[in-house]
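The next block holds one structure in the form of structure tokens; read it before the comments.
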Amino acid sequence: MLSRSSFTGLAVGLFAVYVAHTCWVMYGIVCTRACPAAAEGGTAAAGGCVWPYLARRPKLQLSVYTTTRSSIGAESNVELVLNVEDFDIESKFERTVNVSVPKKTRNNGTLYAYIFLHHAGILPWHDGKQVHIVSPLTTYMVPKPEEINLLTGESSTQQIEAEKQTNALDEPISHWRSRLTLNIMVEDFVFDGSSLPADVHRYMKMVQLGNTVHYLPILFIDQLSNRVKDLMVINRSTTELPLTVSYDKISLGKLRFWIHMQDAVYSLQQFGFSEKDADEVKGIFVDTNLYFLALTFFVAAFHLLFDFLAFKNDISFWKKKRNMIGMSTKAVLWRCFSTVVIFLFLLDEQTSLLVLIPAGIGAVIELWKVKKALKMTVKWQGLRPRIQFGTSNDCEKKTEEYDTQAMKYLSYLLYPLCIGGAGYSLLNVKYKSWYSWLINSFVNGVYAFGFLFMLPQLFVNYKMKSVAHLPWKAFTYKAFNTFIDDIFAFIITMPTSHRLACFRDDVVFLVYLYQRWLYPVDKSRVNEYGESYEEKPPKMIHRD
């Protein structure tokens, strides 16, 4: 069996290896090795090198077609929606065009976009050096349930009933992707033909020109920019929809990085993650600056480490806890209630599994803590369970007295605020159902006033003039995560109530630190395991 210190050291060591390996992989992606012959000043005929066709500076043209077929072989059954003559690969642009929606697409079908990069003045069908890429302009999603005012029945949208889809609410229907983001790798990079990167190789098209091999322009569609918020439901009466086509050049390093990220998102969808789940991951990459993205990675890695260490120490603390001296039972009950409410709220909002699964695990752990705090035991009488609660000693009863006194003062402020907030939201905010209103009212109370339920523990500490009973190791790791959450609050998109909740925890933890300074650890008092440092174990009597 590993000791606690060695187990923690092993976890930190594995974390360091993981970070080092990730940095090495990222370095290999961003810094691609060029062809040695070209790097040494070789000519275009240098053996084994693959040269960029764009270095010849050809005149190019960009054409975008739409069709209901996933593959086309000629200029039939296609519609030209955008044509950019004298296309400059160095200049970015953004244009919005109207696209005709065929009847097949309106009937829950699919529409594809074919993007061609070819020589100017030549149709793509007749250009042997053209490159093209295909992207669906539609996707399938379950439409978001309509929200109404629960008292008046007023809809949040003024849609006409006749225009609504006849599909069942839980059946996926076609949605329109209103954005199409194109990139072309513009670097005159010379690849080593014997070690082409696998990620870029599948986007490359080779041509033989004389004695040298060239790769045609690498055309890439940024699928990460296709966000759920930009999707539009395709109604049967819709004949045209807007499509915003944007273009920008891209470096080789960023192209390879983006390919890997898109593959990661695709892998999540293959493992059962929905379009909405994948969109949460996309938002991290698209809505964040590249430097912030690198910072986010390291911050998230440390957050994961501190989460694990806090989890380990918290479980160890409660596993060995024999009494509730100096611990606020009502604070434990409140943490359990708030964690379960937040989990139900995330479940009702169909939040990403990346957030839902950890929240569910946390709710189970808090329920286990309540069982330990109330000293609950379950005994079976046949098929009927019987729950029994343990008794409290004099010190625990004194702690409970302080805890009850703190909750009495707190209820004068908390209950009117929660009831008032729930009433205001019922009158002014629209919800899917009464259950949705109830859960949202609870979770808003948790986010807005949840920190007030941390105050009973502060009050118990004040009355007992001691903080020796608290799990300070777990608190320390959670404190680091609290400050990390403050960083995420600035760089990650999240609800305002959740962002404010990050900062309110800082204030409470600072008060805990002040109490730790104010009440030095007295070794005559019990620690978090119900033990006193000055208690000596009974001596064993040895018989001669």
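The values are calculated or read from the model by the stated rules, or taken from the named source; none is laboratory data. Note that the coordinates shown come from a computational prediction; the quantities given were computed from them, not determined experimentally. Heads up, the Cβs are rebuilt from the backbone with ideal geometry, glycines too, and the neighbour counts pull from every protein chain shown. Accessible surface is based on the protein model in full, side chains and every heavy atom, while ligands, DNA and RNA are left aside. Shrake-Rupley method; radii C 1.70, N 1.55, O 1.52, S 1.80 Å.
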> Can you list residues whose amide H is under 5 Å from Ser178's amide H, if they're 5+ apart or on another chain and H is modeled 1.01 Å from N?
Replying inline: Met232
>> Whole-Hz ³J(HN,Hα) for each residue in segment 189-198, computed from phi via Karplus 6.51 cos²θ - 1.76 cosθ + 1.60 with θ = phi - 60°, x for glycine and proline: what do you get?
In response: 8, 9, 7, 8, x, 7, 9, 5, x, 4
> For Val213, which sequence-distant residues (separation of 5 or more, or a different chain) have an amide H within less than 5 Å of its own amide H, given hydrogens modelled in the peptide plane?
Replying inline: Trp51
> When the Cα centres of segment 175-250 and segment 64-141 are compared, how far apart do they sit, in Å?
Replying inline: 12
>> Between Val12 and Val511, how high is the FRET efficiency from 1/(1 + (r/R0)^6) when r is the Cβ-Cβ distance and R₀ = 35 Å? Nearest 0.05.
In response: 0.75
> Leaving out ligands, DNA and RNA, what percent of the accessible area of segment 292-428 is carbon and sulfur, probe 1.4 Å?
Replying inline: 69
>> Under the 0.36 nm per residue contour assumption, what length would be gained going from the current alpha-carbon distance of Leu438 and Phe297 to full extension?
In response: 47.2 nm
>> If amide hydrogens are placed 1.01 Å from N in the peptide plane, which non-local residues have theirs closer than 5 Å to the one on Ile173?
In response: Met141, Val142
>> Tell me whether segment 320-448 comes out rounded, prolate or oblate; compute the Cα gyration tensor, take square roots of the eigenvalues as a ≥ b ≥ c, and use a/c under 1.5 as the rounded threshold.
In response: oblate
>> Spelling out what I want: for every residue of segment 252-257, take phi, set θ = phi - 60°, compute 6.51 cos²θ - 1.76 cosθ + 1.60 (Karplus), and round to whole Hz; glycine and proline get x.
In response: 5, x, 5, 4, 5, 4
> What spacing in nm lies between the two simple spin-label points modelled at Lys371 and Thr96, each 7 Å away from Cα in the Cβ direction?
Replying inline: 5.7
> What pairs in Lys330/Lys372; Lys229/Lys249; Lys319/Lys372 have C-alpha atoms more than 19 Å from each other?
Replying inline: Lys229/Lys249
> Want the number for Asn428 to Phe389: 0.36 nm per residue separation, take away the alpha-carbon distance, what's left?
Replying inline: 9.7 nm
>> Through the Karplus equation 6.51 cos²θ - 1.76 cosθ + 1.60, θ set to phi - 60°, convert the phi angles of segment 330-338 into ³J(HN,Hα) values in whole Hz; use x for Gly and Pro.
In response: 5, 5, 5, 4, 5, 4, 5, 4, 5
